[in-house]
Amino acid sequence: MTAKIKSTSRKKYSSIKEVEKQPSNITAHSDWITIGSFDGVHLGHQKILETLRNGALKNRVKATAISFYPHPAVVLRDIEDPFYITTLEEKNSLLRWFGVNEIINFTFDKDFSRLSPREFVQLVQERSAFSKLLIGYDFRLGADRAGGQEALKEIGKDLGFGVDVISPALFDNEPISSSRIRQALAEGNLDLANAMLGYPFFVTGRVVHGDGRGKHIGLPTANVFPWPKKLIPAPGVYAAFTEIDEVMHLSVINIGHRPTFYTTDAIQTIETHVLDFSEEIYEKQIGIHFIERLRPELKFDGVDALMTQIKYDIIKAKEILSDATKPPNIPA
């Protein structure tokens, strides 16, 4: 079931519910497949996955997702900055959560990008015998992006599969896309990013030792070290749920350079202050599910002014999070 945003005075993000799984007596051939990068597995992707899942269930075949790593844009544009909305593991977990039975990831490199559409389809057929291919409205594959809707339909006639094109999911009358979500996150527009994702944006990472300053001023925080290629929201203070050992805790998150104590050249950090929590969690892998941006990161005149603001941030975060649905624990 596709997650949707409830329009209320205080937004509640409905939990993504694990979809119905395939019956055990599915046939061993003629899968239904979809192909894409699926970075973020946003509402546009979920629309395709819902059609894929329902068609596969009806025909008692596997629902298979064909994807790539690295992301084609990273390879073809030589992108080095943090780019990904989801890590490979996070993406695969979300795809399974939305009903995909099998995931086939191809390693994308410059040589792979030179395959013709027919060569690519034949490569897929070596891994998965399929009868139906579902693609998004703007999907293209192969060298020079030559494999659009019509080209794939012609290839399908020769190689024995049908092609269905799924219309886009819209937000503000524009198609939802991973690039729009990346832009929203970069601008700190968490409301927009979460609305297009259909679930709260999340970051997973290991808790590492920091400088201990938070504990020294009476505000212990956990420093989270995420995958370096993962896109992080713009610097600021956020209300979020911190997931520790599969339990969601109310939290206030700071992303930034801590300008009250350091220069703007300081390394950017992600710190979570988990409310009403005192356990030791160094080296644990935790998750941060971002619900709402409270404010940009600010420089204060001193510790007293900073602590006054943080106390207000905590009150505001509790108000927001008490009215928000906790995100689900999606098995990796």
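Just a few scattered comments:
- Options Glu271, Glu280; residue that is modelled with pLDDT under 95, crowded, with 20+ Cβ neighbours inside 10 Å and not aliphatic (A, V, I, L, M): Glu271
- Looking across Gly147, Gly142, Gly188, one residue alone is buried (at least 17 other Cβ atoms within 10 Å of the Cβ), under 24 Å from Pro200 (Cα atoms) and not aliphatic (A, V, I, L, M). It is Gly188.
- Sole residue being over 23 Å from Lys91 (Cα atoms), assigned by TED's automatic domain parsing to the domain that holds Tyr312, modelled with pLDDT under 95 and not in a helix (DSSP H, G or I), chosen from Arg258, Arg293: Arg258
- Some residue of the stretch 78-85 being in a strand (DSSP E or B), in the same structural domain as Ile166 (by TED's automatic domain parsing) and under 26 Å from Asn194 (Cα atoms): yes
- Identification of helices (runs of 4 or more DSSP H) wholly contained in the stretch 106-193 with 2 or more residues that are touching a residue at least 12 places away in the same chain (Cβ under 8 Å), out of contact with any Asp or Glu (no Cβ under 9 Å at 6 or more places or on another chain) and in the same structural domain as Lys47 (by TED's automatic domain parsing) yields 110-113, 117-127, 149-159.
- Residues (charged (D, E, K, R) and either part of a helix (DSSP H, G or I) or in the same structural domain as Trp227 (by TED's automatic domain parsing) (or both)) located in the stretch 88-105: Glu89, Glu90, Lys91, Arg96
- All positions within the stretch 64-74 that are touching a Leu at 6+ places or on another chain (Cβ under 7 Å) and crowded, with 22+ Cβ neighbours inside 10 Å: Ala65
- Within the stretch 282-308, the residues that satisfy the criterion of being touching a residue at least 60 places away in the same chain (Cβ under 8 Å), touching a strand residue (DSSP E or B) at 6+ places or on another chain (Cβ under 7 Å) and not β-branched (Val, Ile, Thr) are Tyr282, Glu283, Lys284, Gln285, Gly287, His289, Phe290, Glu292, Arg293, Pro296, Glu297.
- Filtered by the rule that a residue be aliphatic (A, V, I, L, M) and buried (at least 19 other Cβ atoms within 10 Å of the Cβ), the stretch 75-113 gives Ile85, Leu94, Leu95, Val100.
- Scanning the stretch 47-63 for residues that are buried (at least 23 other Cβ atoms within 10 Å of the Cβ) and of a type in the set (Val, Ile, Thr) gives Ile48, Val61.
- Test: residue in the stretch 32-55 that is over 25 Å from Glu174 (Cα atoms), among the polar types (S, T, N, Q) and touching a Phe, Trp or Tyr at 6+ places or on another chain (Cβ under 9 Å): no
- The set of residues from the stretch 231-255 being of a type outside the set (A, V, I, L, M, F, W, C), assigned to a strand (DSSP E or B), in contact with a helix residue (DSSP H, G or I) (Cβ under 8 Å, 6 or more places away or on another chain) and closer than 16 Å to Asp191 by Cβ comprises just one member, Tyr238.
The values are calculated or read from the model by the stated rules, or taken from the named source; none is laboratory data. Note that this is a predicted model, so its numbers are computed, not measured. Note: ideal-geometry Cβ built from the backbone for every residue, glycine included; neighbour counts use all protein chains shown.
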